[in-house]
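The values are calculated or read from the model by the stated rules, or taken from the named source; none is laboratory data. What you see is a predicted model, and the numbers here were worked out from it, not measured in a lab. So basically every Cβ, Gly included, is an ideal-geometry build from the backbone, and we count neighbours across all protein chains shown.
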Amino acid sequence: MTIFWIATIGTSVIAFLLKYSGHSVPERWLSHPKIQNINALIPIALLSALVAVQSFSEKSQLMFDQRLVGLLAAIIALIFKAPFPIVVLSAAVSSAAVYNWL
Amino acid sequence: MSVSITVGAYGVAFGAAAVANGFSVIQACLLSLLTFSGASQFAVIGVVGAGGSAISAIATASLLGVRNALYGVIMAPRLQVKGLKRVVAAQVTIDESTGVALGQEPRGIDAMRKGFWYTGIGVFVFWNLFTVAGALGAQAMGDVRAFGLDSAVPAAFLGLVWPRLTGNFERALAVGCAIFAIAMTPILPAGLPIIATAFIAIALGLKR
């Protein structure tokens with residue numbers, strides 16, 4: 001089995017178990033304020049790390065290329081409160097322009 | 001309706017990004033059908049695409065999926081469903097369905113249930129249709145960098161995290177974790193710099 005299949009199936013099974021467990025365990029188990037706190041912070045940490053790693057690395061090497069321009073375009077779009085499709089499109093178009101013409 | 005368009009756009013971005021990161025069209029579609037949680041799905045393809053192991057990909061995606069369990073805790077007493085219906089309810093327990101349901105709370109329990117089911121099932125259908133479109137589109141492209149797809153993935157993550165940066169504490173955490181992950185990338189095996197930031201979040205969450 002390839003890494004892609006293991007990742008696909010493993011993620012899917014755990015994702016469902018997590019969702020189902022929420023519907024099945026007593027409420028007090030997961031409603032502790034510390035758990036609520038951690039739950040609000042984990043996505044911020046992981047998603048920010050993913051933005052950085054996906055923008056500036058290739059395998060385990062740091063790399064600054066057209067993706068830097070794409071990221072800046074996305075940030076500008078978000079500052080101007082653009083909806084999600086525009087954010088992704090501005091990143092893709094500006095990055096493709098740099099890749100193709102510079 | 002605006003929810004549907006946004007979800008569609010995310011779905012296309014996910015399908016395309018999955019293929020750009022080496023996943024097949026079938027695997028992209030299975031992730032959308034079975035995992036059905038945008039941030040987790042982007043995480044698993046992101047970590048594998050960055051050269052991380054299957055374990056670190058699954059761990060990162062699962063940490064992001066924990067919030068769905070907490071949504072389930074909120075929704076279960078309000079939905080009061082059992083058996084197969086509970087299985088379906090669990091599968092469509094995501095940011096959007098829980099958010100809409102809680103928004104309907106002042107209008108009573110029936111409006112809440114309706115909001116949950118319509119949003120959950122509607123998003124499920126849109127998300128999966130658009131994943132197929134995105135995956136097939138990317139497959140037809142060849143060099144994804146020429147179309148800017150390599151930048152679409154981090155932009156998608158940024159779009160997911162941006163609305164959560166509601167205060168200075170959150171913004172500092174985001175910038176700190178981004179710098180930490182970059183600094184650790186040449187040192188730690190791929191995938192670990194990302195997971196390690198979850199421990200920063202846990203430590204801060206316990207202290208706060």
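Among the candidates B:Val7, B:Val25, B:Val12, single out the residue that is surrounded by fewer than 24 Cβ atoms within 10 Å (Cβ to Cβ) and modelled with pLDDT of 95 or more.
Numbers: B:Val7 fails: modelled with pLDDT of 95 or more; B:Val12 fails: modelled with pLDDT of 95 or more.
Of the residues listed, the single one that is surrounded by fewer than 24 Cβ atoms within 10 Å (Cβ to Cβ) and modelled with pLDDT of 95 or more is B:Val25.
Filter the stretch B:41-60 down to the residues that are at the interface with chain A (Cβ under 7 Å from one of its Cβ atoms) and in a helix (DSSP H, G or I), then identify the one that is surrounded by the fewest Cβ atoms within 10 Å (Cβ to Cβ). Quick ask: steps written out before the conclusion?
Kept after step one, since they are at the interface with chain A (Cβ under 7 Å from one of its Cβ atoms), are these residues of the stretch B:41-60: B:43-44, B:46, B:48, B:50-51, B:54, B:57-58, B:60.
Next cut, in a helix (DSSP H, G or I) only: B:43-44, B:46, B:48, B:54, B:57-58, B:60.
Working: B:Ala43: 34, B:Val44: 33, B:Gly46: 29, B:Val48: 29, B:Ala54: 22, B:Ala57: 29, B:Ile58: 27, B:Thr60: 29.
Here the residue is B:Ala54.
For (1) under 30 Å from B:Ala90 (Cβ atoms); (2) touching a residue at least 12 places away in the same chain (Cβ under 8 Å), each residue gets a yes or a no:
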| position | (1), (2) |
| --- | --- |
| A:Thr2 | yes, no |
| A:Leu17 | yes, no |
| A:Glu27 | yes, no |
| A:Leu46 | yes, no |
| A:Leu62 | no, no |
| A:Gln66 | no, yes |
| A:Ala96 | no, yes |
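Kindly indicate whether any position in the stretch B:61-81 is in a helix (DSSP H, G or I), more than 7 Å from every other protein chain (Cβ to nearest Cβ) and among the hydroxyl-bearing types (Ser, Thr, Tyr).
For the stretch B:61-81, residues in a helix (DSSP H, G or I), more than 7 Å from every other protein chain (Cβ to nearest Cβ) and among the hydroxyl-bearing types (Ser, Thr, Tyr): absent.
Within the stretch A:2-11, can one find any residue that is assigned to a helix (DSSP H, G or I), among the small types (Gly, Ala, Ser) and out of contact with any Leu (no Cβ under 8 Å at 6 or more places or on another chain)? Show your work before the answer.
Quick first cut of the stretch A:2-11, residues assigned to a helix (DSSP H, G or I) only: A:3-11.
Right, trim to among the small types (Gly, Ala, Ser) and you get A:7, A:10.
Subset that is out of contact with any Leu (no Cβ under 8 Å at 6 or more places or on another chain): A:7, A:10.
Within the stretch A:2-11, one or more residues are assigned to a helix (DSSP H, G or I), among the small types (Gly, Ala, Ser) and out of contact with any Leu (no Cβ under 8 Å at 6 or more places or on another chain).
Determine whether the stretch A:64-84 contains at least one residue that is modelled with pLDDT of 90 or more, assigned to a loop (DSSP other than H, G, I, E, B) and closer than 26 Å to B:Pro193 by Cβ.
Yes.
Output the residues belonging to the stretch B:160-208 that are outside the structural domain of B:Val48 (by TED's automatic domain parsing) and touching a residue at least 60 places away in the same chain (Cβ under 8 Å).
Passing the criteria: B:Pro189, B:Ala190, B:Gly191, B:Leu192, B:Ile194, B:Ile195, B:Ala198.
Just one of B:Ala198, B:Ala146 is closer than 18 Å to B:Gly49 by Cβ and within 7 Å of chain A (Cβ to nearest Cβ); which is it?
Values: B:Ala198 fails: closer than 18 Å to B:Gly49 by Cβ.
After applying the criteria, what remains is B:Ala146.
Right, B:Gln41: at pLDDT 90 or above and out of contact with any Gly (no Cβ under 9 Å at 6 or more places or on another chain) or not? Step through it out loud before you land on a result.
Numbers: at pLDDT 90 or above: yes; out of contact with any Gly (no Cβ under 9 Å at 6 or more places or on another chain): yes.
Against the criterion (at pLDDT 90 or above and out of contact with any Gly (no Cβ under 9 Å at 6 or more places or on another chain)), B:Gln41 qualifies.
Against the definition (farther than 26 Å from A:Phe4 by Cα and touching a His at 6+ places or on another chain (Cβ under 6 Å)), how does B:Gly108 come out, yes or no?
It is false that B:Gly108 is farther than 26 Å from A:Phe4 by Cα and touching a His at 6+ places or on another chain (Cβ under 6 Å).
Taking the stretch A:55-94, which residues are within 16 Å of the chain's Cα centre (by Cα), surrounded by 20 or more Cβ atoms within 10 Å (Cβ to Cβ) and over 14 Å from B:Asp150 (Cβ atoms)?
Within the stretch A:55-94, A:Leu78, A:Phe84, A:Val87 meet the criteria.
Determine if the stretch B:125-140 includes at least one residue that is over 22 Å from B:Gly22 (Cα atoms), more than 7 Å from chain A (Cβ to nearest Cβ) and outside any helix (DSSP H, G or I).
Residues of the stretch B:125-140 over 22 Å from B:Gly22 (Cα atoms): B:125-126.
Adding the requirement that they be more than 7 Å from chain A (Cβ to nearest Cβ) leaves B:125-126.
Of the ones still in play, those that are also outside any helix (DSSP H, G or I) are none.
No - not one qualifying residue is present in the stretch B:125-140.
Only residues in the stretch B:83-109 that are in the same structural domain as B:Gln41 (by TED's automatic domain parsing) count as the first member; pair them with residues that are modelled with pLDDT of 90 or more and in a loop (DSSP other than H, G, I, E, B), Cβ under 8 angstrom, at least 6 apart or cross-chain, and list the lot.
Short answer, once both residue conditions are applied: B:Ala89/B:Val81; B:Gln91/B:Phe36; B:Val92/B:Phe36; B:Ile94/B:Phe36; B:Ile94/B:Ser37.
Out of all the residues in the stretch A:15-32, is one or more among the basic types (Lys, Arg), over 21 Å from B:Thr6 (Cβ atoms), more than 7 Å from every other protein chain (Cβ to nearest Cβ) and part of a helix (DSSP H, G or I)?
Yes: the stretch A:15-32 contains one or more residues that are among the basic types (Lys, Arg), over 21 Å from B:Thr6 (Cβ atoms), more than 7 Å from every other protein chain (Cβ to nearest Cβ) and part of a helix (DSSP H, G or I).
Residues are listed down the side, and each one gets a yes or a no for (1) more than 17 Å from A:Leu62 (Cβ to Cβ); (2) out of contact with any Leu (no Cβ under 6 Å at 6 or more places or on another chain); (3) surrounded by fewer than 17 Cβ atoms within 10 Å (Cβ to Cβ):
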site	(1), (2), (3)
B:Phe126	yes, yes, no
B:Phe147	yes, yes, no
B:Asp150	no, yes, no
B:Leu158	yes, yes, no
B:Val161	yes, no, no
B:Asn168	yes, yes, yes
B:Leu173	yes, yes, no
B:Ile195	yes, yes, no
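Any idea which residue in the stretch B:85-115 is surrounded by the fewest Cβ atoms within 10 Å (Cβ to Cβ), counting only those that are away from every other protein chain (no Cβ under 12 Å) and under 16 Å from A:Lys19 (Cβ atoms)?
Quick first cut of the stretch B:85-115, residues away from every other protein chain (no Cβ under 12 Å) only: B:96, B:99-115.
From what is left, the residues that are under 16 Å from A:Lys19 (Cβ atoms) are B:96, B:99, B:101.
Numbers: B:Glu96: 21, B:Gly99: 15, B:Ala101: 26.
The selected residue is B:Gly99.
Residue under question is B:Phe36, and the condition is that it be more than 14 Å from the chain's Cα centre (by Cα) and within 13 Å of B:Thr131 (Cα to Cα); does it hold? Working first, answer last.
Details: more than 14 Å from the chain's Cα centre (by Cα): no; within 13 Å of B:Thr131 (Cα to Cα): yes.
Considered against the rule, which asks whether it is more than 14 Å from the chain's Cα centre (by Cα) and within 13 Å of B:Thr131 (Cα to Cα), B:Phe36 comes out as no.
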